[in-house]
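Notes to accompany the following structure.
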Amino acid sequence: MAYQTDVKPTRAGLLALRSRLRMARKAYKILSMKLDGMIMEVIRLTPEVKKEYDLLIARFNRTRFLIAAAYMMEGTVGMTVAAYSVEVRPEIELSQRNLFGVRVPVITGTNINKDVIERGYGLLGTSLVIDDLADAYEDLLATIIAYAGSEATLKHLLTDIERISRRVKALEHLVIPTLEETEQYLSRMRDEIEREDTSRLFHVKRRKEAAIELEEERRKNME
């Protein structure tokens, strides 16, 4: 058996050990509940991330196809002019939120989807393929942002699940059993000490009674 040898077999030591055992059981219960909630969140989030990934691949392939078509129809000069005509650039914002006690990133974007008249290039000087390419690019960028946020959340949860799982297993298979065995060991030691103290007090009392009886007999004999 594995005992904690740093705990003295005293009443105070036993009470302190029981307090540590209660805290360990409480921590195990709380961490187990947290772990279950995080696992359920991962199970819920995984299909969404897979769906966003599939959408990302589909939109990426569409955008790549439209880029090739736009270069064929507009040429390098036309594509360069249209690209540099954009006045409002997309912006990415990063923040955090609390999910089961885990700080997960939140990725959002502004100025992603714009109207045709807000894109800056002339409508009469470009073909419809430029509009289709701009739409596809904006949709792709929005999908990238959404997927990046979901994937980062999933990775953070999985990392924390692994960390908490190690703590839960350590509490369940090492810390709590060790404290329980130590408590039983100290309780037995305390019982033995109390029996020894009781036996010692009994013998001391018997010796005192015998001494008193002997003294009384001596006085009677002297009389």
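Find out how many positive minus negative residues lie around SER19, taking Lys and Arg as positive, Asp and Glu as negative, among other residues whose Cβ is under 14 Å from that of SER19.
+4
Just one of (1) 105, 31, 18; (2) 58, 39, 33; (3) 142, 28, 22 is Cα extents along the principal axes in Å calculated from these coordinates, so which is it?
Computing Cα extents along the principal axes in Å and matching it to (1) 105, 31, 18; (2) 58, 39, 33; (3) 142, 28, 22 gives (3).
Within a 10 angstrom radius of the beta carbon, how do GLU138, GLU172 rank from fewest other beta carbons to most?
Numbers: GLU138 19, GLU172 14.
The order, fewest Cβ neighbours first, is GLU172, GLU138.
Which residues' amide hydrogens lie under 5 Å from the amide hydrogen of GLY109, considering only partners 5 or more residues apart or on another chain, with H built in the peptide plane?
Excluding prolines and chain starts, which carry no amide H, the hits are GLU93.
Using θ = phi - 60° and the Karplus curve 6.51 cos²θ - 1.76 cosθ + 1.60, what whole-Hz ³J(HN,Hα) does each residue of segment 134-142 get, with Gly and Pro shown as x?
These are the phi-based 3J(HN,Hα) values: 5, 4, 5, 5, 5, 5, 5, 5, 4 Hz.
Only counting other Cβ atoms within 10 Å, I'd like SER32, SER150, SER95 sorted with the fewest neighbours first.
SER95, SER32, SER150
Just to confirm a number: summing +1 for Lys and Arg and -1 for Asp and Glu over residues other than ALA68 whose beta-carbon lies under 13 angstrom from that of ALA68, what do you get?
Spelling it out: positives minus negatives among the neighbours equals 0.
May I ask you to evaluate 6.51 cos²θ - 1.76 cosθ + 1.60, the Karplus curve with θ = phi - 60°, for each residue of segment 39-46 and list the ³J(HN,Hα) values in order in whole Hz, giving x for glycine and proline?
5, 4, 5, 5, 4, 6, 7, 4
Expected output is a single nm value to one decimal: the length gained when fully extending between ARG188 and ARG167, i.e. 0.36 nm times separation in residues minus the C-alpha distance. What is it? Intermediate results must be reported in sequence, preceding the final value.
Working: separation 21, 0.36 × 21 = 7.56 nm, distance 2.97 nm.
Gain on stretching ARG188 to ARG167: 4.6 nm.
Listed here are the pairs LYS29/LYS169; LYS29/LYS50; LYS50/LYS114; LYS50/LYS155; LYS34/LYS169; LYS29/LYS155; which of them are more than 22 Å apart at the Cα?
LYS29/LYS50; LYS50/LYS114; LYS29/LYS155
How much net charge surrounds ILE43 when only the other residues with a Cβ under 13 Å from the Cβ of ILE43 are counted, with Lys and Arg +1 and Asp and Glu -1?
-1
Pick out, from LEU179, MET38, LEU154, the residue whose Cα sits farthest towards the positive end of the charge dipole of segment 15-182, with +1 on the Cβ of Lys and Arg and -1 on the Cβ of Asp and Glu.
Result: LEU179.
May I ask you to derive the FRET efficiency for SER199 and ARG18 from their Cβ-Cβ distance with R0 = 30 Å, giving the value to the nearest 0.05?
0.70
5 Å is the cut-off here: which amide hydrogens, built 1.01 Å from N in the peptide plane, fall below it relative to LEU99, excluding neighbours closer than 5 in sequence?
VAL104
Charges at C-beta only: +1 for Lys and Arg, -1 for Asp and Glu. How large is the resulting dipole of the chain about its Cα centre, in Debye rounded to 20?
Once rounded to the nearest 20, the dipole reads 1440 debye.
Readers should treat all values here as calculations from the given coordinates under stated rules, not as data from a laboratory. Every value quoted in this text rests on a predicted model; they were computed, and no experiment measured them. FYI the Cβ positions are ideal-geometry reconstructions off the backbone, even for glycines, and counts take in every protein chain you see.
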